[in-house]
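Student: Dumping the structure here so I can ask a few things about it.
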Amino acid sequence: MNENDSKYNFKVLIIGPGAVGKTSLINRFVHNQFSLKYKFTIGADFLMKNVEYKPSKTAKLTIWDIGGQERFRFLNRSFYKGANGALLVFDLTRENTYIETKRWLNDMRTILKDKIPVVLIGNKLDLIPEIGEVVDRKDTRQFAKKENLWYIETSAKTGDNVEEAFVELTLRILKNIS
């Protein structure tokens with residue numbers, strides 16, 4: 001896929017509380033790699049990748065990895081500007097991170113006056129057999145429906161549903177701009 005093939009160039013945010021796997025999801029999607037080493041994101045970082053949303057149809061995503069640490073929250077306003085869509089991530093094994101996503105969503109919607117498509121991601125699906133169900137998945141689906149979000153569960157470690165989450169967001173962005 002040639003860099004210049006894509007007709008579309010979208011700014012995508014990946015947001016949510018700290019240590020939910022946002023950077024790992026991006027690394028799995030962009031580089032098809034996973035690392036167990038945790039390094040928190042200071043402010044924001046970004047990577048780019050072309051995503052094929054239909055056969056021979058691509059869009060270039062500039063993915064902004066927004067740090068989830070509370071002390072950097074004041075920076076979010078400037079990072080959000082110009083976003084076309086967002087991935088809102090929580091950790092399926094830590095209920096407090098799911099509860100915090102509601103505040104993240106509200107903050108983002110307050111900053112961005114235009115409603116952008118959002119995919120809600122329950123990450124670390126691979127840990128459920130070991131840890132058990134911690135987050136009420138029925139509640140997450142109801143919340144997603146109520147807030148007009150698309151919900152998917154992923155594993156950055158195994159790669160399960162990671163590509164699907166980015167493709168679905170791309171399709172929703174395209175629908176939003178047409």
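The values are calculated or read from the model by the stated rules, or taken from the named source; none is laboratory data. Fair warning: this is a prediction, and the values are worked out from it, not measured in the lab. Positions of Cβ are backbone-derived with ideal geometry, glycine not excepted, and every protein chain shown enters the neighbour counts.
Student: Among the residues of the stretch 97-132, write down those that are surrounded by 15 or more Cβ atoms within 10 Å (Cβ to Cβ), touching a residue at least 12 places away in the same chain (Cβ under 8 Å) and charged (D, E, K, R). Give the steps one after another, and end with the answer.
Tutor: To start, the set of residues in the stretch 97-132 that are surrounded by 15 or more Cβ atoms within 10 Å (Cβ to Cβ) comprises 97-98, 100-101, 104-105, 107-109, 112, 116-128.
When the remaining residues are screened for being touching a residue at least 12 places away in the same chain (Cβ under 8 Å), the result is 97-98, 100-101, 104-105, 107-108, 112, 116-128.
Across the stretch 97-132, the qualifying residues are E100, D107, K124, D126.
Student: Output the residues belonging to the stretch 95-132 that are assigned to a loop (DSSP other than H, G, I, E, B) and touching a Gly at 6+ places or on another chain (Cβ under 8 Å). So that I can check it myself, show each step before the final result.
Tutor: Restricting attention to the stretch 95-132, the residues satisfying the condition of being assigned to a loop (DSSP other than H, G, I, E, B) are 112-117, 124, 132.
The answer is I116, P117, K124.
Student: Of everything in the stretch 110-141 that's in contact with a strand residue (DSSP E or B) (Cβ under 9 Å, 6 or more places away or on another chain) and among the basic types (K, R), which residue is nearest to L36 (Cα to Cα)?
Tutor: If we take residues in the stretch 110-141 being in contact with a strand residue (DSSP E or B) (Cβ under 9 Å, 6 or more places away or on another chain) and among the basic types (K, R), then K124 is nearest to L36 (Cα to Cα).
Student: Mind checking which residues of the stretch 133-166 are part of a helix (DSSP H, G or I) and surrounded by fewer than 17 Cβ atoms within 10 Å (Cβ to Cβ)? Talk me through it step by step, then tell me what you get.
Tutor: Restricting attention to the stretch 133-166, the residues satisfying the condition of being part of a helix (DSSP H, G or I) are 137-146, 162-166.
Selection gives R137, K138, D139, R141, Q142, K145, K146, E163, E164.
Student: Can you say whether I26 is modelled with pLDDT of 95 or more, of a type outside the set (G, A, S) and surrounded by 23 or more Cβ atoms within 10 Å (Cβ to Cβ), as far as the supplied structure shows? If you could, list the steps in order and put the result at the bottom.
Tutor: Numbers: modelled with pLDDT of 95 or more: yes; of a type outside the set (G, A, S): yes; surrounded by 23 or more Cβ atoms within 10 Å (Cβ to Cβ): yes.
Criteria met by I26.
Student: Here is a check on your reading of the model: is I99 more than 15 Å from the chain's Cα centre (by Cα), among the aliphatic types (A, V, I, L, M) and either at pLDDT 95 or above or within 19 Å of R28 (Cα to Cα) (or both)?
Tutor: Numbers: more than 15 Å from the chain's Cα centre (by Cα): yes; among the aliphatic types (A, V, I, L, M): yes; either at pLDDT 95 or above or within 19 Å of R28 (Cα to Cα) (or both): yes.
Judged against the criteria, I99 is a match.
Student: Just to be sure I understand the filter: pairs with C-beta atoms under 7 Å, separated by 6 or more residues or on different chains, first member in the stretch 145-174 and under 15 Å from G21 (Cα atoms), second member assigned to a helix (DSSP H, G or I) and of a type in the set (G, A, S). Which pairs pass?
Tutor: I152/A165; T154/A165; A156/S24
Student: Going by what's in this entry, would T158 be described as of a type in the set (V, I, T) and within 22 Å of M108 (Cβ to Cβ)? Reasoning before the result, please.
Tutor: Details: of a type in the set (V, I, T): yes; within 22 Å of M108 (Cβ to Cβ): no.
In short, no.
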